[in-house]
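The structure under discussion appears below in the form of structure tokens.
Every read-out reported here was derived from the displayed coordinates using simple, explicitly stated rules and does not represent laboratory data. From a predicted model like this one, the values you see are computed outputs, not experimental measurements. Here Cβ is always computed from backbone atoms with ideal geometry, including for glycine, and neighbour counts include all displayed protein chains.
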Amino acid sequence: MRFDWKTCFKIGVSAFLLYLCITYWPSVGGFISKLFGAASPLFIGFSIAYVINIVMTRYEKIFFKKAKKPLAQKIRRPVCIALAFITVAAIIALVVGLVVPQLVSAVQLIISLIPGVANNVISMLSNVEWISDELLSSLSAIDWKSGISQIIGTLTSGIGGVVNVVITTVTSVFSGIVTAILSIIFAVYLLAAKDTLLNQCNRISKSYMNESVYQKLKYVLSVMNQSFRRYIVGQCTEALILGILCLGGMLLFRFPYAPMISALVAFTALIPVAGAYIGAGVGALMILTVSPIKALIFLIFIIVLQQLEGNLIYPKVVGSSIGMPGIWVLAAVTLGGGIFGVLGMLLGVPLAATLYNIIKNDMKKRERSSLKE
């Protein structure tokens, strides 16, 4: 490297900016946090567009595979975008429509049954010799129904007062709605103009990068795109398999709410490893309203099924879809979840697959070069 005045000037400016960032890091960190918060609709919109694009490209291949007429070419992208959004929204609405009403009914039923269960427990305790009569009389004097109502009222109203809770809730809901709307609008724009945007990114990269760096960056992004795309498809396939197995097992053991709970387990299984347990907890709560024994048996069944799915089915299905051995899939989920939580579980596998495939392809290239020599 030649140390001319331009190089020295760049090094000096970089060192000065680094010094400012270190010295005033609270202000810099706050600014970066605000910047990412303001740009959150864009990040969410990009994520939505990436997932919807997988469904959209399927529709484009199915319905417009040989479309050559100008009108068909013109309406091809808008129609496929609409169909993709409708498909994803219909799946989410189906799961929510199946689960939420029954879950609300189950919670209400459990709350209504608590006073009777408490009285039965008190009656059982009255036969225990070492429990004093004063304690039994105190427990019998409790109005369990009003006590539960007070607890629910405290949880819903909050300690800070009804007005503050209402204002906070309305603000959060409104902010969430605005973010969701902006994210969906941004996702639609990305999908509608994805070809133009990709062409612009290629032109900018070629203009401001040398050919070697551009080709390497293009290769890495291509491998990353394939890994994420195959991972999403594999994750959805694995969730569908888990839902079918759960439905078959629940029908075999004659558990109640089999279709609803299986749909919920399949939907929450999109979160790697831990997702099925979330669905299982909600399902056990629903079955509890029918039979506590069946709820316990259901939890045992889900634990066994989840172990089978997590150690055999998941690594095999997702690993084969992204071209990475199952042991590395399991390691990526474990490490990603341990370091970054749920986000690490979601991103750990495709990022590890990207690194794995890049290293694998580089090793094959080096081995071919050594053989030629």
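Across the range 38-52, coupling constants 3J(HN,Hα) worked out from phi with the 6.51/-1.76/1.60 Karplus curve, θ = phi - 60°, read 5, 8, 4, x, 5, 5, 5, x, 5, 5, 4, 4, 5, 6, 5 Hz, and Gly and Pro carry x.
If you stretched the chain out fully between Tyr24 and Leu240, how much longer would it get, using 0.36 nm times the residue separation minus the C-alpha to C-alpha distance? Walk me through the intermediate numbers first.
Values: separation 216, 0.36 × 216 = 77.76 nm, distance 5.00 nm.
Extra length from Tyr24 to Leu240 when fully extended: 72.8 nm.
Each Lys and Arg Cβ is given +1 and each Asp and Glu Cβ -1; about its Cα centre, the range 210-373 then shows a dipole of about 380 debye. Derived from the Cα gyration tensor, the three semi-axes of the equivalent ellipsoid of the range 210-373 are 40, 14, 12 Å, largest first.
Which FRET efficiency value, to the nearest 0.05, do you get for Ser105 and Ala331 by plugging their Cβ-Cβ distance into 1/(1 + (r/R0)^6) with R0 = 45 Å?
Values: r = 42 Å, r/R0 = 0.93.
That gives a FRET efficiency of 0.60.
Site pair Ser370 and Ile293 shows an inter-label distance of 6.5 nm when each label is modelled 7 Å from Cα along Cα→Cβ. You can think of it this way: the chain between Leu35 and Val96 has 18.6 nm of extra reach, that is 0.36 nm per residue less the Cα-Cα gap.
Over the range 210-373, what is the mean sequence separation of C-alpha contacts under 8 Å (at least six apart), divided by residue count, expressed as relative contact order in percent? Don't jump to the answer; show the numbers that get you there.
Working: 161 pairs, mean separation 39.2, N = 164.
Relative contact order of the range 210-373: 24 percent.
If the chain linking Ser14 and Lys218 were pulled fully straight, counting 0.36 nm for each residue of separation and taking away their Cα-Cα distance, it would gain 70.7 nm. Among the listed pairs Lys218/Lys365; Lys61/Lys216; Lys194/Lys216; Lys294/Lys316; Lys216/Lys360; Lys61/Lys364, those whose Cα-Cα separation exceeds 25 Å are Lys61/Lys216; Lys294/Lys316; Lys61/Lys364. Across the range 361-367, coupling constants 3J(HN,Hα) worked out from phi with the 6.51/-1.76/1.60 Karplus curve, θ = phi - 60°, read 5, 5, 5, 4, 5, 5, 5 Hz, and Gly and Pro carry x.
For the range 178-217, the calculated P(r), taken from all Cα-Cα distances in 10 Å bins from zero up to the bin holding the longest distance, is 28, 32, 26, 14, 1 percent.
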